[in-house]
1. Once R0 is set to 30 Å, what does the formula 1/(1 + (r/R0)^6) return for the Cβ-Cβ distance between Asp149 and Met179, expressed as a FRET efficiency to the nearest 0.05?
2. Going by C-beta contacts inside 10 Å, put Lys53, Lys556, Lys636 in order with the fewest on the left.
3. If the cut-off is a Cα-Cα distance under 15 Å, which aspartates and glutamates reach Lys171, setting aside same-chain residues fewer than 8 apart in sequence?
4. Once phi is turned into ³J(HN,Hα) by the Karplus curve 6.51 cos²θ - 1.76 cosθ + 1.60 with θ = phi - 60°, what whole-Hz value does each residue of the stretch 245-261 show in order, with x for glycine and proline?
5. Excluding residues fewer than 8 places away in the same chain, name every one of the lysines whose C-alpha is closer than 29 Å to that of Lys556.
6. Looking at (i) 18, 43, 27, 11, 1; (ii) 18, 51, 29, 3, 0; (iii) 13, 39, 31, 11, 4, 1, 0, which value of P(r) over Cα pairs in 20 Å bins from 0, in percent comes from a calculation on the structure shown?
7. Calculate the spin-label point distance for Glu496 paired with Thr346, positioning each point 7 Å from the Cα along the beta-carbon direction, and give it in nanometres.
8. Expressed in nm to one decimal, what extension gain is obtained for the pair Ala77 and Glu213 from 0.36 nm per residue of sequence separation less their Cα-Cα distance?
Amino acid sequence: MTKHSISRRTLVGSAAAAGSAAALGVKAADVAAAPGAVAPSSATTSQDLSAVKYSRVIDTMPAAFQEAPMLKAMVDAGTLPPVAERISEEPLVVEPIEIGQYGGEMRVGDMSTNLGGYDIGYATGGPNHFLRYTPDLTGTEPNIAKSVDVSEDKTTYTLHLRRGMKWSDGKPLTSSDMMFTYEDILMNEELTPSIYTGFRPGDQPFQITAPDEYTIQIKFAVPHPAFLLSNLPHQYGWPRNRALHPRHYLEQFHPKYNPNAAAEATEAGFSTWMERFTDRDDEALNVEIPTLKAMIAVETTPTLVRYQRNPYFWAVDSQGNQLPYLDGAVMERLQDVENYHAKIVTGAYDYAVGNTSVLNYATYEGSAQTAGYRVLRWSSGRGGENFYQLNLNWPDAELRTIHQDVRYRRAMSLAINRQEMNDLLFFGAAVPRQMTVLDTSIYFKQEYADAWAQYDPDQANALLDELGLAWNEDRSARLLPSGKPLKYAFDYFNGEGPKMQILELVSEYWRAIGIDVVGTPVTRQLLAPRIETNKEPMSMWHGDASTDILLPVDRKWVTGKLGDECTIAPLWNAWWQNGGTEGEEPPEWYLDALNTWDKFSETLDPAVADKLLKSQADNLWSIGTVGMTPWPFIVKNTIGNVPETGIHTWDGLFQYPYHPETLFIRQ
């Protein structure tokens with residue numbers, strides 16, 4: 001096979017492999033295991049979290065409340081109300097892994113150009129939602145809502161807020177804030193031209209009412225069981241990634257409440273009042289906006305962002321200590337991810353997980369003792385580290401015809417040596433599999449994880465022969481019927497995992513069966529319009545949305561959708577998502593998959609889910625690689641309340657289930 005910058009021989013050096021394998025609990029000898037078939041069905045594909053200790057929500061209310069020394073000084077000076085008046089009448093009570101100590105400033109690094117970022121978002125508590133996921137991502141805990149009542153027919157959700165809860169500026173949080181979100185953001189066509197489809201099942205938008213200050217009622221026209229797990233604990237579908245927006249602050253930017261909003265927006269340098277409103281409503285851009293997070297941004301410069309504890313944060317630990325324990329956090333702005341990795345191993349950061357790489361496991365481990373940190377092994381929580389999609393709507397008639405033939409997609413899947421990929425990149429700690437849900441899903445079937453996932457280049461070549469894709473004279477490339485070589489050049493987003501390294505291997509496997517594939521990394525801002533305008537012949541993305549949380553609301557891999565994450569059928573998905581006003585009407589065989597997902601999303605019917613997952617397994621809308629890959633988590637030895645393992649995935653909002661407001665620095 002042709003050598004590349006990262007070949008099977010140079011991808012992992014023997015020393016690095018041995019060191020990383022040890023870090024992952026894999027024998028060094030296993031790293032050099034011979035390429036082979038998919039792991040047997042008895043293989044463990046997910047981590048057992050039952051013995052791991054996690055912070056958790058409890059019902060027992062402490063008898064008294066305490067606060068951080070820096071806040072106590074403000075109370076004594078008369079500049080801040082006492083803690084009992086700040087935390088609400090019904091604070092959230094969290095039993096941490098261990099009772100923490102007050103004080104200290106967490107240090108993290110990120111490539112972000114705004115106030116947010118991966119590690120700073122996790123360390124400061126991130127956006128809060130009505131509910132929070134349990135650590136195994138199979139259930140929920142109370143959060144902003146102390147409880148939720150669901151009608152028997154799954155059409156009505158009644159949320160009960162915490163009495164006396166406050167925004168970070170001390171103003172009350174009430175159901176009025178939710179009514180502002182609903183009436184003045186979601187239902188305002190200038191701000192929200194098209195409401196998220198999950199909020200309008202049965203083609204009718206949900207209705208939200210506020211029976212009293214602390215009660216919110218959300219009613220759907222048809223049963224909508226997915227709402228409880230997919231939207232109440234998640235940002236999915238909500239404007240600016242959150243359901244609650246501070247009415248008292250945002251009204252000044254809205255013409256319904258301020259007749260001069262448009263003129264003031266122009267004076268402030270914005271084109272429209274909507275542009276200014278959206279900017280002021282963005283927690284990643286505006287340091288002034290009141291928030292419900294554990295920490296608030298107080299300083300931003302070209303080199304750093306500084307956060308400080310929210311004095312009105314509405315959670316306490318089991319002994320009555322107001323959270324968070326940390327006084328603050330600082331994010332260093334970095335130019336690139338290489339600088340991030342380099343600084344981790346010097347001990348520059350207290351906490352690093354968002355952009356760590358399994359490829360650096362040996363390096364992380366080698367510096368752990370001298371830099372004073374530990375390397376934890378978490379799981380990516382992905383059904384596929386990467387998946388590939390071929391564009392069924394590609395303008396080239398020859399390629400479009402081939403892409404729509406399932407034999408071609410099956411051939412490309414059979415050509416991938418998943419076990420070798422697992423050994424070289426993930427040190428045997430991942431699971432070779434087809435793209436499907438995780439084995440923790442109630443809908444999982446092993447046969448779907450095994451579908452067309454064995455390494456069988458002979459069968460792959462036979463399928464290509466059946467398609468009439470002949471070899472050229474020197475057998476270096478397959479030829480299209482027109483005589484042109486079969487080759488691809490596509491763009492991809494090189495983030496959230498070792499995409500480039502996986503593509504190096506996959507392109508080598510495909511070249512061995514005569515298909516030449518070259519990928520170019522680009523930003524998401526550049527990628528999105530190219531995919532949406534049908535200018536990419538194929539795509540590569542990471543296989544999240546593979547838990548029962550997001551499967552009902554995100555179909556990126558199970559059928560494909562219109563967006564920068566997939567190219568399966570941009571024109572057909574545009575038609576389906578826009579009621580036939582855009583794109584092209586899909587053929588019945590693809591429309592059936594879309595309609596099946598739609599029915600599953602509305603009903604969560606296991607039989608419909610099975611039909612949906614079988615359709616992916618049979619048709620390979622998405623071609624998977626390996627799943628449940630290890631995710632390294634770097635934590636300074638002085639940092640407490642980080643679980644030994646967990647699931648770091650978009651489905652659960654990454655660190656959100658693990659109560660980062662309980663993080664502390666041992667003094």
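Each value in this text was obtained by applying a stated rule to the coordinates, not by laboratory testing. Worth saying up front: this structure is predicted, and the values here are computed from it rather than measured. All Cβ positions, even for glycine, are placed from backbone atoms using ideal geometry, and neighbour counts span all protein chains on display.
1. Numbers: r = 19 Å, r/R0 = 0.62.
Calculated transfer efficiency: 0.95.
2. Numbers: Lys53 12, Lys556 24, Lys636 20.
The fewest-first ordering by Cβ neighbours comes to Lys53, Lys636, Lys556.
3. By straight Cα distance, Lys171 reaches Glu85, Glu89, Glu213, Glu251, Glu288.
4. Karplus-based 3J(HN,Hα) across the stretch 245-261 equals 10, x, 3, 4, 8, 7, 4, 5, 9, 10, x, 5, 10, 9, x, 9, 4 Hz.
5. Qualifying lysines at Cα under 29 Å: Lys154, Lys219, Lys445, Lys487, Lys499, Lys535, Lys599, Lys611, Lys614.
6. So the structure-derived entry is (ii).
7. According to this spin-label approximation, the distance is 3.0 nm.
8. Fully extending the segment from Ala77 to Glu213 adds 45.8 nm.
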